[in-house]
1. What is the order of His112, His4, His44, fewest Cβ neighbours within 10 Å to most?
2. Multiply the residue gap between Trp159 and Thr100 by 0.36 nm, knock off their C-alpha separation, and tell me the result in nm, one decimal place.
3. Quick check: net charge around Pro101, other residues with Cβ under 11 Å of its Cβ, Lys/Arg +1 and Asp/Glu -1?
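Throughout, read-outs are computed from the coordinates displayed, never taken from laboratory work. Everything numeric in this text was worked out from a predicted model, so none of it was measured. Glycine also receives a Cβ, built like all others from the backbone with ideal geometry; neighbour counts cover every protein chain displayed.
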Amino acid sequence: MNIHQMSVQYDERQDRLAVRVSNQEQQEFRLWLTRAMTLRLLPHLQASVVQLESSDPQVMASDTTAQQMLTELKRENFLSQADFSTPFATQNLSLPLGETPMLVTDVQLKLHNGGRLDLLLQDKSGDSASGASCELSLQAALLHGLLHLLEAALKKAQWQQPDFSQRNDAVENLSSERPAYSH
């Protein structure tokens, strides 16, 4: 999917994060992330961005501290150039998953040597007969953007959350195999 825009907003009434992703093919994917799913997923997204940034052959970092510093520098560089002020465009977009956001109950992450993270978001709840899913392929820059949006929404939600300044813990605890998460 060629991602055009992403949005993450806290919905107080639902007590969930409303994630919206549009692509170059004029499609919009609407997703719900619960507090539990978000807080379990976030450390693995943070560790993935560190691995993506540290695997760049032009800039190799040998230890965890160097990898973390490199990732923070790249994050700051990306955030200084990113456009977070343009409203999410909704006109003329088709909704392949429907108008109601899909509740994400399972997530699978796959890190590729080519410098991208595939994120498979699925609804495997009993009330979803279709087994709907959405797959995002994120380069490091888009993953930085998604993390920034998630962190801002978490602060607005005032959910208990880990200290984002301690990203080293997520990197050191991440195994080479990516686990799948279910509600």
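1. Numbers: His112 11, His4 16, His44 20.
The most exposed by this proxy come first: His112, His4, His44.
2. 18.9 nm
3. Taking every Cβ under 11 Å from that of Pro101, the sum is -1.
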